[in-house]
Each structure stands twice: as C-alpha cells, then as structure tokens.
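K.L.:
Here it is, the structure, as structure tokens.
The values are calculated or read from the model by the stated rules, or taken from the named source; none is laboratory data. Bear in mind the structure is a predicted one, so any value in this text is a computation, not a measurement. FYI the Cβ positions are ideal-geometry reconstructions off the backbone, even for glycines, and counts take in every protein chain you see.
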Amino acid sequence: MIFGLPAILGFLPLLLYIILSFRGKDILMVVLYCVVLGAILTKQTPVTLGVAISSALGSFLGLIGFIILMGAGVGEVLSQTGVAQNIVRLVITKMGVKNKEQAMIATMVSSVILVSLLGSMAGSNAILAPIIIPIVASFNITPNTLGVLLHGAGATGLYLGPFVPPVVTTLGLTGITYGQYLLHVGIPISIIVWIITFLVAKQTQKATEGKFSYSEEDKVNIINFEPNEKVVKATNVFLVSMLALIIYGIIAKAGAAYVIVVMGIVGFLTGIVAGLKAEDVLKALIKGSSRMYWLFFLFVLYDPFLNFITKSGAFDALAGYLKPLIDVGGPKLFMIISTLVGVFGVTGAAVAQEKVIHELFLPIVNQLNFPMHLWALVLLVGSQITFFAYPTGDMVGQMGLARSKDLKSMIKNGILITIFTVLYVVVRAFLYKF
C-alpha cells in the first residue's frame with residue numbers, strides 16, 4: 001500500500017464504487033475511477049496498469065463479458081429470423097390460454113424460456129412485450145400486472161438457463177455442476193420468485209382492473225405473427241441444436257468457454273436455415289453484440305479493480321476483523337451476513353457484483369471450508385436480489401416494456417421477493433449441519 005497505509009484501506013475503491021453507484025452515476029465511469037484509485041493505492045506504474053488490463057482481457061470476467069456479447073448477438077439473429085416470436089407463439093398456443101390466470105402463466109413461461117435462451121432479461125422481454133401485450137390485453141390484464149409479471153418471470157430465466165451469465169458465473173466461481181446448482185440454488189429461488197410474482201400479479205390485477213387498461217387497438221384475440229416454413233424449420237433447428245449442445249456440454253463437463261462455441265454454432269445454424277447468408281448472420285451477431293460492448297468493456301475493467309483490492313491485502317484484513325464474529329456465530333451466521341452484504345451493500349452489474357462478493361468473502365469461505373453449493377446460493381441471492389430490493393433500472397425497464405407507470409406494485413413485488421429469498425437463505429443456514 002502507498003505510504004504504508006493499513007491494508008483495510010484497500011477497500012477505498014470498493015467504498016467509492018458503492019457510494020457512486022447508489023448515487024446513480026454511470027457505472028462504467030464509476031469502475032474506471034475505482035481502477036485508477038486502486039492503481040494509485042497499490043503503487044501501479046503505467047506499465048503494470050497496462051499489463052493488468054491486458055490480463056483482464058483473458059480473465060474470467062472478460063470471458064463472461066464476451067459471452068454476454070454473443071448472447072446479444074444470437075438474440076438479434078433470433079429476432080431477425082422470427083424464431084424468437086415463433087417460440088412465444090408456440091408457448092401460447094400449446095398452453096391453450098382461456099382465462100386471465102392462464103394468460104399470466106403463459107406470459108411467465110414465455111419470459112422464462114426467452115430469457116433462459118437469450119441470456120438477457122431486458123432484451124428478451126423487449127422481444128416478448130409487443131407479442132404478449134395483445135394477448136393479455138384481450139383478457140383485460142392491466143399494464144400494471146404485466147409489469148410485475150415481466151420482472152419476476154424474467155429474473156427466473158436468469159436463474160435457470162445453463163448458459164446465461166449469472167449461472168455460468170456461479171458455476172465458474174464455485175466449481176459445482178449444473179445439476180447441483182439447479183437442485184440447491186436455481187430451482188428453489190425460482191420457485192420462490194415465481195410464486196410471489198404470481199400472487200402479487202393477481203393482487204395487482206384485482207386492484208387495477210377497471211382503472212387501467214390497454215387501448216382497444218391492443219385488444220386482439222390472435223397473435224399477429226404467422227411463421228412461414230423457413231421460420232418453422234429454423235425454430236426446430238434452434239431448439240434441437242441448443243438441446244444437443246447443452247446435453248453434450250453436461251456430459252463433457254464443459255466450462256464457461258464452451259458457451260462461446262454454443263452461441264456461434266446455434267446462431268449460424270438458425271440463421272442459415274432461416275434463409276440468411278452466412279455474412280448476414282455474422283452482421284446480425286455483430287449488430288446485436290454491439291449494443292452490449294459497453295458491458296464487455298465494464299467487465300474487463302472490473303478485473304483490475306478487484307485484483308488491486310486483493311493486492312492491497314484488504315480482503316485478508318477483513319477476514320481477520322470478522323474472525324471473532326465468525327468464531328462466535330460460525331458458518332451459519334457467516335452465510336446470513338455475507339448474503340445481506342451482497343443484497344444491500346454491493347451494487348452494479350449483477351455478474352460483476354457476484355464476483356465482488358466472492359472476492360470479498362473468499363478468505364473466510366476457505367477458512368471455514370464452506371460448502372460450495374451453499375456458497376453458490378449466497379452468491380446468486382446476494383447478486384441478483386439487489387435488483388428486487390431497490391427500484392433499479394431492471395425494475396423500471398420492465399415496467400416500461402409493459403407500458404405501466406405503477407412503480408408501487410413493482411416495489412411491492414420486489415420487497416416481498418427480497419424478504420422471502422433472504423429467509424430461505426436463513427433457513428438453509430440453520431438446517432444445514434456444518
């Protein structure tokens with residue numbers, strides 16, 4: 001540390017990160033400031049700073065950032081070819097929607113499937129919204145209700161898809177298998193979020209029906225999308241190839257890097273079968289990816305940001321300060337504290353937030369020989385539930401896609417989800433025999 005400062009002051013970049021993030025500053029600039037501050041505190045030279053950023057391009061966070069780029073690119077291919085719209089149409093028609101509750105469930109299923117496949121709640125629900133609005137409008141479901149549905153259901157897609165960034169990150173950090181992740185983390189949390197979202201949506205519908213509604217022009221009884229033969233074939237190819245590659249990846253115990261191959265193969269196969277030329281598929285991939293380039297740049301900067309904190313000795317110092325508390329409360333108390341710190345003390349891009357939580361508590365995790373399947377639960381809840389606990393861009397964005405202005409209902413759903421997911425962590429902590 002510069003000037004021989006105490007190691008604990010190595011957390012100053014993280015403190016700056018939290019303060020500026022909660023004040024609504026641009027997250028990319030915030031992380032850039034933190035990198036500079038961390039470099040100064042750890043006495044980096046321009047040469048070593050360049051080396052750190054170069055290493056970040058090949059880091060785990062750099063890989064996740066590139067996966068997000070690829071996911072956005074494949075989403076553009078699916079949108080241009082009509083495959084995304086056709087998947088939603090299939091879900092709706094196969095479920096035989098006949099009443100409000102079925103329409104709500106169909107909306108949630110559609111959102112989960114799209115988000116699981118495309119890896120982006122904002123992008124997937126942006127595709128879904130114009131398709132689903134005529135359907136829910138015909139059942140007099142209000143914009144207020146749809147906003148709640150899109151936020152809760154979309155989030156569960158991020159907890160279940162085998163190649164979505166939060167799942168890939170959790171698996172990469174903990175080393176557990178996808179099956180273990182689903183059993184201990186993905187499915188339980190998704191069930192909690194689903195149930196609460198559905199119940200809050202029903203209550204919201206009851207409170208807002210007759211007061212808010214979509215326009216008469218929106219209220220049609222058919223889906224305004226008819227797939228042609230090429231779209232049908234492309235949809236089948238997409239689903240079959242994705243399933244085959246997922247199964248192969250599980251059998252081969254493929255790591256995060258395999259996702260890049262999956263995205264590339266699936267994107268090109270789907271596009272070509274749909275009638276696009278190879279160069280047009282590539283252009284679509286680049287077009288979709290370009291929208292997320294800022295996020296890739298952000299993730300590259302996160303790596304030196306966190307590494308400088310580690311180099312300062314701050315994480316080890318914190319472990320020393322918390323040791324007496326952990327000795328008294330043991331791993332049970334540690335599990336609860338680390339989750340609460342993640343939900344309420346750290347903010348930012350969810351995947352990077354997960355990495356921050358992991359690095360922050362890793363010395364204690366190792367010291368306690370903490371079970372990785374439980375640590376995966378802490379990481380997911382600590383990084384993902386933040387976006388329910390506060391009226392973040394995700395919450396407001398989903399509300400906007402539904403054409404709703406009812407932030408109160410969104411916050412109500414978010415608070416209930418936060419309470420019950422944290423309670424689930426507490427229960428798991430006390431039931432597990434450490």
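K.L.:
Which one of these is assigned to a helix (DSSP H, G or I), touching a Phe, Trp or Tyr at 6+ places or on another chain (Cβ under 8 Å) and not basic (K, R): I131, I195, I191, I127?
P.N.:
None of the other options fit; the residue is I131.
K.L.:
Of the residues in the stretch 72-86, how many are among the polar types (S, T, N, Q) and at pLDDT below 85?
P.N.:
Final tally of qualifying residues: 3.
K.L.:
Same structure again: Filter the stretch 64-92 down to the residues that are touching a residue at least 40 places away in the same chain (Cβ under 8 Å) and β-branched (V, I, T) and list them by number.
P.N.:
Answer for the stretch 64-92, where residues must be touching a residue at least 40 places away in the same chain (Cβ under 8 Å) and β-branched (V, I, T): I64, I67, I68, V74, V77, T81, V83, I87, V88, I92.
K.L.:
Which residues, taken from the stretch 369-396, are at pLDDT below 85 and either in contact with a strand residue (DSSP E or B) (Cβ under 7 Å, 6 or more places away or on another chain) or buried (at least 19 other Cβ atoms within 10 Å of the Cβ) (or both)?
P.N.:
T386, F387, A389, D394, M395
K.L.:
Restricting to the stretch 184-206, and then to whatever is without any contact (Cβ under 8 Å) to a residue 12 or more places away in the chain and hydrophobic (A, V, I, L, M, F, W, C), can you tell me which residue is nearest to L61 (Cα to Cα)?
P.N.:
Top of the filtered list is I191.
K.L.:
G267 passes all but one of (1) under 16 Å from A84 (Cβ atoms); (2) surrounded by fewer than 17 Cβ atoms within 10 Å (Cβ to Cβ); which number fails?
P.N.:
So G267 meets the others, but not (2).
K.L.:
Which one is surrounded by the most Cβ atoms within 10 Å (Cβ to Cβ), of the residues in the stretch 404-434 that are modelled with pLDDT of 90 or more and of a type in the set (K, R)?
P.N.:
Among those residues, the one meeting the criterion is R428.
K.L.:
Taking the options V167, V148, V115, V185, name whichever one is closer than 27 Å to V378 by Cβ, under 21 Å from the mean Cα position of the chain (by Cα), among the aliphatic types (A, V, I, L, M) and modelled with pLDDT under 90.
P.N.:
Just one listed residue meets the conditions, V115.
K.L.:
Take the residues in the stretch 41-59 that are surrounded by 19 or more Cβ atoms within 10 Å (Cβ to Cβ) and assigned to a helix (DSSP H, G or I), then tell me which one is modelled with the lowest pLDDT.
P.N.:
If we take residues in the stretch 41-59 being surrounded by 19 or more Cβ atoms within 10 Å (Cβ to Cβ) and assigned to a helix (DSSP H, G or I), then A56 is modelled with the lowest pLDDT.
K.L.:
Still on this structure, please answer the following. Can you spot a residue in the stretch 138-157 that is more than 26 Å from N86 (Cβ to Cβ) and of a type in the set (F, W, Y)?
P.N.:
Looking for residues that are more than 26 Å from N86 (Cβ to Cβ) and of a type in the set (F, W, Y), one finds none in the stretch 138-157, hence no.
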